[in-house]
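One structure below.
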Amino acid sequence: MSKLLEYPTVQKAKFYEKLSDNIVRCSLCERKCQIPQGSKGFCKTRVNINGELYTLVYGDISAIESRPIEVKPFFHYWPGSTALTFSTWSCNLDCIWCQNFHLSKQQPNPIKTFYYSPEKMVELALYNGDIGLCASFQEPTLLSEWAISLFKLAKTKGIKYCCYVSNGYMTLEVLKALYEAGMDGLKIDIKGNNETYEKYCGGADVEKIWRNAREAKRMGLHVEIVNLVVRDVNDDEETLKWVIEKHLKEVGAETPLHFTRYFPAYKFDNPPTKVEVLEKAYEMAKREGVLYPYIGNVEGHKYENTYCPSCGEKLIQRYGYYVLRYRITESNKCPKCSANIPITGKYVGKRFG
């Protein structure tokens with residue numbers, strides 16, 4: 001086991017405590033695994049070596065691509081821009097419909113890895129013309145020690161924003177450390193209620209996820225919430241109403257709420273979500289007071305556009321992750337009624353009056 005320390009992606013973990021000479025408790029995520037000597041935690045990216053906890057994925061990048069920020073989806077955060085998007089391996093949940101299972105269901109192997117330094121990642125982003133960095137594809141919490149180093153460096157080199165696309169199950173300690181390192185955007189996936197997490201996602205306390213969303217808003221991060229609506233799992237009116245009510249209570253009416261369409265993947269073969277169910281969720285959210293609900297994974301649908309909540313004017317026209325028309329003023333106002341539209345960062349593209 002000690003031979004692992006020879007590899008650059010194996011580094012001392014930042015978030016843990018020693019319970020005894022041989023047992024440590026990981027504090028990276030809310031599972032808080034107790035890990036004996038020679039063993040790994042639930043996510044398989046943390047290992048106890050000689051009574052100390054090590055991450056196996058420091059700079060172990062499984063995928064990397066320049067992508068529009070709207071793909072995440074972030075709709076009110078640096079619209080029209082691209083972020084260098086990257087991931088590592090594994091996950092701290094176990095969703096049976098995972099859309100990126102080829103990454104999230106693979107354990108890291110330090111012997112075969114290709115190490116990326118923070119300096120190399122920033123250099124690549126700048127070379128590509130990306131103004132942001134985004135940890136995504138699988139659960140970025142597992143990459144946090146490296147991401148903290150990356151985000152600190154990035155903000156000194158002209159990168160405009162750093163963000164996570166996350167299941168939101170990190171500890172508050174990690175969330176605070178990421179914020180202090182320069183993370184300013186967080187998209188959180190809400191799978192449903194606690195029953196959904198227990199039955200389909202390997203268990204998790206959804207209240208801790210909502211807590212993180214609330215605390216991220218309090219810290220000043222840009223937050224958007226996504227609810228993947230899965231057919232015959234969390235697409236009933238009661239669950240949708242619960243998600244909407246929690247959203248309003250924890251992160252507020254101005255925070256975007258995306259209802260996205262599920263497609264069969266990994267071990268789950270229920271048919272795709274009915275579009276009319278997504279439309280119902282959108283209309284429920286509007287009726288309850290969510291100012292910026294959206295439908296996702298239905299390209300060309302009118303509910304993937306941004307409308308002024310005051311006068312109904314179409315402000316941003318989208319087709320999937322493409323921004324076709326952007327009419328919000330440079331001072332983030334509706335051009336028709338001058339209502340304030342909450343946008344974090346500058347729009348990167350051409351404006352239309």
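Bear in mind that the values in this text are calculations on the coordinates, not laboratory data. Keep in mind it's a predicted model, so treat the numbers as computed, not measured. Methodologically, a virtual Cβ is constructed for each residue, glycine included, from the backbone with ideal geometry; neighbour enumeration extends over all protein chains shown.
Rounded to the nearest 10 degrees, the angle from helix 275-288 to the longest Cα principal axis of the chain is 80 degrees. Bridgeable lysines around residue 274 (alpha carbons under 21 Å apart, same-chain partners fewer than 8 residues away excluded): 191, 241, 286, 302. A dipole drawn for the chain from +1 and -1 charges on Cβ atoms has a positive end, and of 37, 329, 225 the residue lying farthest that way is 329.
Would the stretch 15-133 count as rounded, prolate or oblate if I go by the C-alpha gyration tensor, calling it rounded below 1.5 in a/c and otherwise prolate when a/b exceeds b/c, oblate otherwise? In terms of gyration-tensor shape, prolate.
Candidate cross-link partners of residue 12 among the lysines, defined by an alpha-carbon separation under 25 Å and a same-chain spacing of 8 or more, comprise 3, 32, 40, 44, 105, 112, 120, 152, 155, 176.
Note down the Stokes-Einstein diffusion coefficient of the stretch 2-55 in µm²/s, whole number, using a Kirkwood radius over alpha carbon pairs, 10 °C, and 1.306 mPa s.
Values: Rh = 10.8 Å.
Translational diffusion coefficient: 147 µm²/s.
The phi-based Karplus calculation (6.51 cos²θ - 1.76 cosθ + 1.60; θ = phi - 60°) puts the 3J(HN,Hα) values of the stretch 198-210 at 5, 7, 10, 10, x, x, 4, 8, 4, 5, 5, 5, 5 Hz, whole numbers, x for Gly and Pro. Of the trypsin sites (Lys or Arg not before Pro) found in the stretch 200-305, those in coil by DSSP whose Cβ has at most 13 other Cβ atoms within 10 Å are 267, 274. If R0 equals 45 Å, the separation of the Cβ atoms of residue 337 and residue 237 corresponds to a calculated FRET efficiency of about 0.90. Distance distribution P(r), the stretch 69-162, all Cα-Cα pairs, bin width 5 angstrom from 0: 2, 13, 22, 22, 20, 14, 6, 1, 0 percent. Name the most mobile residue of 223, 298, 206, meaning the one with the largest mean-square fluctuation, in a Gaussian network model of the chain with Cα contacts below 10 Å. The residue that fluctuates most here is 298.
Simple point charges give the picture: +1 on the Cβ of Lys and Arg, -1 on the Cβ of Asp and Glu, and for the chain a dipole about the Cα centre of about 740 debye.
Considering only 235, 21, 205, the mean-square fluctuation computed in a Gaussian network model of the chain, springs between alpha carbons under 10 angstrom, is largest for 21.
Using a cutoff of 8 angstrom between alpha carbon atoms and counting only pairs six or more residues apart, the relative contact order for the stretch 1-125 works out to 23 percent. Trypsin sites (Lys or Arg not before Pro), restricted to the stretch 103-187: which are DSSP loop and have at most 13 other Cβ atoms within 10 Å? Within the stretch 103-187, the qualifying trypsin sites (Lys or Arg not before Pro) (loop, at most 13 other Cβ atoms within 10 Å) are 112, 157. Determine the shape class of the stretch 106-221: with a ≥ b ≥ c the square roots of the Cα gyration tensor eigenvalues, call it rounded for a/c under 1.5, and otherwise prolate if a/b is greater than b/c, oblate otherwise. Oblate, since a/c reaches 1.5 and b/c is not below a/b. Note on residue 5 and residue 214: the model spin-label points, each 7 Å out from Cα along the C-beta direction, lie 4.3 nm apart. Working note: Karplus 6.51/-1.76/1.60 with θ = phi - 60° gives the stretch 320-327 the couplings x, 9, 9, 8, 8, 8, 10, 10 Hz, where Gly and Pro are set to x.
Can you grab the distance from the C-alpha centre of the stretch 141-186 to the C-alpha centre of the stretch 46-67, Å, no decimals? Rounded to whole Å, the Cα centres lie 15 Å apart.
Taking every alpha-carbon pair under 8 Å whose residues sit at least 6 apart, the stretch 2-55 reaches a relative contact order of 33 percent.
Once you wrap a convex hull around the alpha carbon atoms of the stretch 213-353, what is its projected area averaged over all directions, in nm²?
Numbers: hull surface 36.7 nm².
For the stretch 213-353, the mean projected area of the Cα convex hull comes to 9.2 nm².
Fully extending the segment from residue 311 to residue 37 would add 92.5 nm, taking 0.36 nm per residue of separation and subtracting the current Cα-Cα distance.
Among beta bridges from DSSP that stay inside the stretch 63-308, the antiparallel ones total about 20%. As an equivalent ellipsoid, the chain spans semi-axes of 34, 24, 17 angstrom, where each value is the square root of five times an eigenvalue of the C-alpha gyration tensor, largest first. Over the residues of the chain, the helix contribution to mean residue ellipticity at 222 nm works out to -7000 deg cm²/dmol, using -39500 (n - 2.57) for each DSSP H run of at least 4. Largest mean-square fluctuation among 175, 248, 143, in a Gaussian network model of the chain whose springs join Cα atoms under 10 Å apart, belongs to 248. Computed over the stretch 63-308, relative contact order equals 16 percent, with contacts defined as Cα pairs under 8 Å that lie 6+ residues apart.
In this structure, the amide hydrogen of residue 53, modeled 1.01 Å from its nitrogen in the peptide plane, lies closer than 5 angstrom to those of 13, counting only residues at least 5 positions away or on a different chain.
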